[in-house]
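The values are calculated or read from the model by the stated rules, or taken from the named source; none is laboratory data. Quantities reported herein were computed from a predicted structural model and do not represent experimental measurements. For neighbour counting, all protein chains shown are included, and Cβ atoms are generated from backbone atoms with ideal geometry for every residue, glycine included.
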Amino acid sequence: MRVPTKRLNKSPWKERVNFLSEDSTVTIIEHIDYLATMDDAQTEWQNGYIVIQNGVIQAVGTGTPDVGTATATRISGRGCIATPGLINTHHHLFQKVTRVLVAAQNVRLIEWKRANFHYWSFIDEEAVYVTALVALSELALSGCSLSSDLLYVFPVDVNGTVRFMQSAVAAAHDVGMRFQPTRGGVDFSLDTGGAPPDRMMESTDDVLLGMERAIQQFHDPSPGSMCRVGIAPNSLTMCTPRLWMESRDLAKKYGVTRHTHVAEFVEELEYFQETMGMRLIARLAELGWIESDVWLAHVVHASSAEIDLLAANGTGVSHCPSSNMRLGSGIAPVRDMLDRGVCVGIGVDGSASNDGGNLLGEARLAMLLSRVSRRDRLTTAREVLRMATVGGAQILGRTMRC
Ligand SMILES: [Zn+2]
């Protein structure tokens, strides 16, 4: 399969928005058995309706909507529950290339990296396109309408970033999914084991240049944008202090969001405590990365003081229960985060550590896993549905933040 390059020179979504603005018809989904809006008042209706015009939901309610003289296309919602689209806040779409890799089935994170890195270092733009197409289709089938992505493997040539990002953006366009890709980066590796091969390492300058090109080429900040780009140094063990600080400046310059992994496995925490006398989230705060435009994947190992720090600064968390269980990383303190005011979303994480990408299933797992760790205070289905919708929107900067 070849990557369709003809429409990749600019964000393809701008064409779609223009097309929709000329469409004056109204679509009504009516007689929905149960409609859960996930608004602040937790409004829910039986016999609900949704009115859509120009690709935007204009009204929701119960009974029969008044659409005046507009021409309406009516769709029956009988037998259905309607919720906002689910939002996936952490993924590595390219990892579909090593889904269910035999050598990575029964090992923890460091050995898992060793098993996967070799294959990832050889991916090309066709692999990026095909894996994104499969991964986003799988998400769409489980109710997802917006996905983030953290792509951190790039060829070491000056146009590599644009080619790889083009491939992922094209796949999102072809699936029809709102997309929030982040340009990752690996410019360093601490000797904690599981170091990436040289082919995956970039210079700090190249990562920063790649991030800026990705923003300039694909970021669309308009309301309802189908493609917003962020930046994402991979983790504290794989990035230099200079990359953290200069990529922060870059994000501020363009007004884009920031994403990374932190506190995923206990060895990472122990290493920083032994060598620097610091906890991981304190180190990120020192680098200017505990702020309201940042969301963090995992946060499995966090103290009460660190959870309060995240809440106070409006820093979001992407909870990835399947991946955390699959790699034996631990149980993230999601109940405590919610109770202390941290904004939490749900992420399926890459298929190399999930073996799937079912977002509704991931939300259910989040509810069950939270109940394992906090039997005194059971997380409810509505709470995890809120995390998988409004929570995700908030940490991706799509609505007012927590
Ligand atoms: Zn990840």
Return yes when L139 is touching a strand residue (DSSP E or B) at 6+ places or on another chain (Cβ under 7 Å), assigned to a helix (DSSP H, G or I) and buried (at least 23 other Cβ atoms within 10 Å of the Cβ) and no when it is not. yes
Breaking point among (1) buried (at least 17 other Cβ atoms within 10 Å of the Cβ); (2) more than 17 Å from the chain's Cα centre (by Cα); (3) farther than 23 Å from A168 by Cα; (4) modelled with pLDDT of 95 or more, for L208: (3)
Exactly one condition in (1) out of contact with any Cys (no Cβ under 6 Å at 6 or more places or on another chain); (2) buried (at least 19 other Cβ atoms within 10 Å of the Cβ) is false for D198; which is it? (2)
Would segment 288-302 turn up any residue that is more than 16 Å from the ligand (Cβ to nearest atom), under 18 Å from V390 (Cβ atoms) and part of a helix (DSSP H, G or I)? no
Top-ranked residue in segment 315-345 [being under 19 Å from A282 (Cα atoms), part of a loop (DSSP other than H, G, I, E, B) and not hydrophobic (A, V, I, L, M, F, W, C); ranked as farthest from the ligand (Cβ to nearest atom)]: G341
When the residues of segment 91-120 are narrowed to those that are in a loop (DSSP other than H, G, I, E, B) and more than 22 Å from the chain's Cα centre (by Cα), which ends up farthest from the ligand (Cβ to nearest atom)? N106
From the option list A381, A311, single residue qualifying as over 16 Å from the mean Cα position of the chain (by Cα) and within 25 Å of A36 (Cβ to Cβ) is A381
